[in-house]
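Reading through the C-alpha cells given below for one structure.
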Amino acid sequence: MRRVVVIDYDGGNLASAAQTARHVVAERGLDAEVQISADPETVLQADHIILPGQGAFAHCASGLRGGLREALIEATDRGTPFLGICVGMQLMAEWGLEHGRTPGLGWIEGSIAKMEFALEAGLCLPHMGWNVLEFEPGAHRLTAGLEQGDHGYFVHSYALTGWNPTDIVATASYGGAVPAIVARDNRCGTQFHVEKSQKTGLTIMANFLSWMP
C-alpha cells in the first residue's frame, strides 16, 4: 500500500487537503493510505508528499522545522512525487518577499512577491475566486484530463515572479500572467487550491496520486 503524507507544519488547510486525497483514493480505488504527519521519518517513508498552505510565506516557511525541511528535501531528492498547494507551491521558489526576505526551498527559479501588476491594472487583492487555467494540453501529467477553459479557485496576493518558463505548466490571467501550476521533475505545485477546485482539483489530485516515481 502506498503512503500519502500530508505534511503538518502549521501551514493550515491540512484537513481539507487530506480529505480531497482520501476522496480520490476511494473514488479511483487506489491502493493508498493518506495520513497527516509532522514526523520527519514518516515523510522520508512516504510514496507521495503533499504540502498544503495558506497565510504568509514567512510563517509557513518557519513551520518546516524539527527536521521536516531536511526530510522533505531528502525524500524529494530521491524522487518522491511532491505536490505543493497555494503557499506550499510558493515555498518551492528561491525566496519569499512577504514580511521580509525569506529563503524558500529553491526548487524552481523566482521569488514570491506581491502582485503589484494586478493593482496597477485596477484589480483588487487578494486575487480571490475562480479563474481560467491556460495550458498546453498534454504537456504535463498533472493536466491530463483537463480541458482549456477549466477553472481553479485562487486566494492569494503574492505570486511567483522572475520565473523560468520551463517550470511553468499553466498560468491564469489577473492583470498579467500568474503562474498557476509549476513543475520541475518530481516536484510540482498549484497556486490555486486543489481542494476547493471541484472537478479540476479532483482531476489534478488523481493525476498526482497516480504518479509513480
Segment 161-178 - residue that is in contact (Cβ under 8 Å) with a residue 40 or more places away in the chain and within 20 Å of Ile204 (Cα to Cα) and, of those, farthest from the chain's Cα centre (by Cα): Ser173
Test: residue in segment 130-152 that is within 22 Å of Ile108 (Cα to Cα), small (Gly, Ala, Ser) and buried (at least 17 other Cβ atoms within 10 Å of the Cβ): yes
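Would you mind finding the one in Ala17, Ala21 that is within 20 Å of His156 (Cβ to Cβ), of a type outside the set (Lys, Arg), assigned to a helix (DSSP H, G or I) and in contact with a strand residue (DSSP E or B) (Cβ under 7 Å, 6 or more places away or on another chain)?
Going through Ala17, Ala21 in turn, just one is within 20 Å of His156 (Cβ to Cβ), of a type outside the set (Lys, Arg), assigned to a helix (DSSP H, G or I) and in contact with a strand residue (DSSP E or B) (Cβ under 7 Å, 6 or more places away or on another chain): Ala17.
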All positions within segment 41-67 that are in contact with a helix residue (DSSP H, G or I) (Cβ under 9 Å, 6 or more places away or on another chain), in a loop (DSSP other than H, G, I, E, B) and over 16 Å from Leu14 (Cα atoms): Gln45, Ala46, Gly66, Gly67
Residue that is out of contact with any Leu (no Cβ under 6 Å at 6 or more places or on another chain), of a type in the set (D, E, K, R) and open to solvent by 30 Å² or more (accessible area, probe 1.4 Å), where the choices are Glu41, Glu98: Glu41
Criterion (among the hydrophobic types (A, V, I, L, M, F, W, C), over 30 Å from Pro126 (Cα atoms), outside any loop (DSSP other than H, G, I, E, B) and open to solvent by 40 Å² or more (accessible area, probe 1.4 Å)) met by exactly one of Ala75, Ala26, Ala71: Ala26
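Considering only segment 138-151, I want to know if a residue exists there that is among the basic types (Lys, Arg), within 14 Å of Thr190 (Cα to Cα) and not in a loop (DSSP other than H, G, I, E, B).
We begin by selecting, within segment 138-151, every residue among the basic types (Lys, Arg); these are 141.
Subset that is within 14 Å of Thr190 (Cα to Cα): 141.
Narrowing further to those that are not in a loop (DSSP other than H, G, I, E, B): 141.
Yes, the conditions are met somewhere in segment 138-151.
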Tally of residues being in contact with a Ser or Thr (Cβ under 6 Å, 6 or more places away or on another chain), assigned to a helix (DSSP H, G or I) and more than 18 Å from Ala18 (Cβ to Cβ) across segment 166-199: 0
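The values are calculated or read from the model by the stated rules, or taken from the named source; none is laboratory data. What you see is a predicted model; the values in this text were computed from it and never measured. In this analysis, Cβ positions are derived from the backbone assuming ideal geometry, glycine residues included, and neighbour counts consider all displayed protein chains. Note: areas computed on protein heavy atoms with side chains; ligands, DNA, RNA excluded. Shrake-Rupley method; radii C 1.70, N 1.55, O 1.52, S 1.80 Å.
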